[in-house]
Amino acid sequence: EITCLASGIKSLVGIEHFTGLKELYCYDNQLMTLDVSKNKELEILNCFRNQLTSLDVSQNTKLRSFNCSENQLTELHLNSQLKMLYCQYNNLVALDVSSNPNITDLDCSKNKLAALDVTKNTKLERLDCSYNQLAALDVSKNTELKRLNCYDNLLTALDISANTALTDLNCSKNRLTALDISSVPTVYVNCADNACPIILTDTRTF
């Protein structure tokens, strides 16, 4: 494990020699580049709040937890074994998680995403894609989803009929005209600031 946080560090050249490294915490520094392609044993990488514009962890096949939030990322190349990905507060215009079937936690809020495909992420439990530019969001395959934050986007429709495990939904600040929560047993809903009035359908009996 290496921990070197909030130290004004501008370079981690030489990190490639630590081939047995499993955990790297280098957040809150001034890194503009980070090459972890030789760190094959890496399981946890926390490099948030730096100045990175691109990052490639596709060679880190054991990486399961990855936090690269609060950088300046326009590109992100992932490995297929990730379980937790936090890439919020960046400049991503695209995010491909189609090869990441094990992800349970995904936070890609505060980016510039116009599309997001999570249909292959069937183990997803928590998704935050708020503050993007999404015009559509298909969560029909995410039957394990418990928390969904998709507020402040451009959604005109949202189907949560398959998300029976959902307990927390924030879809405010979109363009929804209707929302049916009938199939969700217990859910807290915030659907404010949509089309006025939004038709909220709930046929459950209590």
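The values are calculated or read from the model by the stated rules, or taken from the named source; none is laboratory data. None of the values given here were measured: they were computed from a predicted structure. Here the Cβ positions follow ideal geometry from the backbone for every residue, glycine too, while neighbour counts run over all protein chains shown. The accessibility values were calculated without ligands, DNA or RNA, using every heavy atom of the protein model including side chains. Shrake-Rupley method; radii C 1.70, N 1.55, O 1.52, S 1.80 Å.
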request  = For E16 and N102, calculate 0.36 nm times their separation in residues minus their Cα-Cα distance, and state this gained length in nm to one decimal.
outcome  = 28.3 nm
ask   = Between T119 and N190, 0.36 nm times their residue separation minus their Cα-Cα distance comes to what?
value = 23.2 nm
ask   = How large is the accessible surface per residue of region 21-92, computed with a 1.4 Å probe and reported in Å² as a whole number?
value = 43
query = On alpha-carbon atoms, Rg over Rh for the chain using Kirkwood Rh?
reply = 1.04
ask   = Got a number for carbon plus sulfur as a percent of the chain's accessible area, 1.4 Å probe?
value = 50
message = Run the numbers for I2 and T61: contour at 0.36 nm per residue of separation, minus the present Cα-Cα distance, in nm.
response = 19.4 nm
request  = Go through F18, F66 and list them by solvent-accessible area, largest first, probe radius 1.4 Å.
outcome  = F18, F66
key: Viscosity 0.692 mPa s, 37 °C: Kirkwood-radius Stokes-Einstein D of region 1-63 over Cα pairs, µm²/s   = 284
key: Formal net charge of residues neighbouring V184 (Cβ-Cβ distance under 14 Å; K, R +1; D, E -1)   = -2
task = Find the centroid of the Cα atoms in region 127-206 and in region 1-78, then give the distance between the two in whole Å.
result = 34
query = After finding the eigenvalues of the alpha carbon gyration tensor for region 49-131, what semi-axes result from the square roots of 5 times each, listed largest first in whole Å?
reply = 18, 15, 11
note = Taking r as the C-beta separation of E144 and K112 and R0 as 30 Å, the FRET efficiency to the nearest 0.05 is 0.65
